[in-house]
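Accompanying notes for the structure given below.
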Amino acid sequence: MPPAVDPALLTRSRDVILSLQLPNGAFPASPTFSAYQGYCWFRDGAFIADGLSADGSVDSPTAFFSWCATVLDRYTPQIEEIIARAEAGDPVPGSQMLPARYTFDGGLGADDWTDFQLDGYGTWIWALDEHVRRHGVDPSPFAAAVAITVRYLLSSWQRSCYDWWEEHAEQVHVSTLGCIVAGLRSAVSLGVLDVDLASRAAQGADDVLAFILERGVHDGRLVKWIGNPDVDASLSALFSPLRVFDPASDLATETLAAIGRDLEVDGGVYRFRADTFFGGGRWPLLSCFKGLAHAARGEREEAQRLLAWAVAQATDTLDLPEQVSDRLLDPSMEEYWINRWGPVATPLLWSHAMVLRLNAELS
């Protein structure tokens, strides 16, 4: 059995997240990486909040969800227009949909970014529901934000958009669909929707799930996007922690086997085979996601092995990077990204949060 996580790394992970969280609840993705500075993602932030919540923190995750609600309240007129246009059969272009990230004060930012993503809007509701379950937090202050998010997802879930990695806006991604299922289910679970919207959310979750099973499965496993039989490491999350599908199912068995076969080397997990970002390295947070899926299946030794690799990537100052560059998929592209944006994002708060999350699961 691999050794337990160094308590100093767990302390550092908590400290780096909590010390960098803004007073309004926003989490920076990374404090020094040039392309991420000044922005908070709904998706990354939701998983960061969930990691802290599972580790025992109450106030910090609650503050993040309050930030989400404030942002959604600010853009409710835009969301209402998106919903109305979709229902009229005249959907707005992707450039007018909600972005993946906002400035810390909830602004849209001026940087050119691959922004339109749906996954974060399902993920924040899922993380809120998990937090409420763990700590008994009152969900009622978030009711309006949950409701407008549900209506937004119901109006737009079939649209193509960028994936977790801000790539391939022309595709419908299975990981994104899974985040939407998780969010719609959690919205019902929270008990803050009126009867009609709760019914629509439950039916919507069933519809998206049926779509995945009909169009997003190949050879008994989940695929990267509709029509692409490749696998993506983000699919691990659909078994745990999102629990879109039963972790003990044959679908989970086959999907995790494909991720292990195609994307894992010695415990480190790549995003996907064609990855060239910083040369295409292995991501500690993806090893943790795969570890969570194995833990949910009762495969603790496998989960421990993956966690051991993730924590071994910490720097001398106990910071966890976004990815590591020792065994790149495309070494020729590493210098291009370093010249463009500087060294790999370190620390990455999402990496630290996933170590906390998997450690909590195994504890």
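For the reader, a short list of remarks on this structure follows.
- Label sites at ASP111 and GLN96, each approximated as a point 7 angstrom past Cα along Cα to Cβ, lie 2.6 nm apart.
- Basic side chains Lys and Arg get +1 at the Cβ, acidic Asp and Glu get -1 at the Cβ, and with that the dipole of the stretch 27-117 about its Cα centre reaches some 80 debye.
- Between LEU193, LEU184, LEU307, the GNM of the chain built on Cα springs shorter than 10 angstrom shows LEU193 fluctuating the most.
- Build a GNM of the chain with springs between Cα atoms under 10 Å apart, and of VAL231, VAL223, VAL195 the one that fluctuates most is VAL195.
- Restricting the calculation to alpha carbons of the chain gives Rg and Dmax of 19.0, 58 angstrom.
- Each of LEU318, VAL208, LEU329 was scored by the projection of its Cα onto the charge dipole of the chain, and the greatest displacement toward the positive side belongs to LEU318; charges sit on the C-beta of Lys, Arg, Asp and Glu.
- Relative contact order for the stretch 7-362: 19 percent, from Cα pairs under 8 Å spaced at least 6 residues apart, divided by residue count.
- At full extension, THR103 and ALA169 could sit 21.6 nm farther apart than now, given 0.36 nm per residue minus the alpha carbon distance.
- For the stretch 176-257, size of Cβ-based charge dipole, Lys and Arg +1, Asp and Glu -1, in debye: 160
- Kyte-Doolittle mean at least 1.0, axial Cα span of 15 Å or more - DSSP H helices of the chain: 143-156, 174-190
- The simple Förster model, with R0 at 45 Å and r as the Cβ-Cβ distance, assigns GLU301 and ALA35 a FRET efficiency of 0.75.
- Relative contact order of the stretch 194-295, taken over Cα pairs closer than 8 Å and 6 or more residues apart, is 23 percent.
All of the numbers you see were taken from the coordinates with simple rules; none came from a lab. Here the structure is a predicted model, which is why all the values come from computation and not from measurement. Note: ideal-geometry Cβ built from the backbone for every residue, glycine included; neighbour counts use all protein chains shown.
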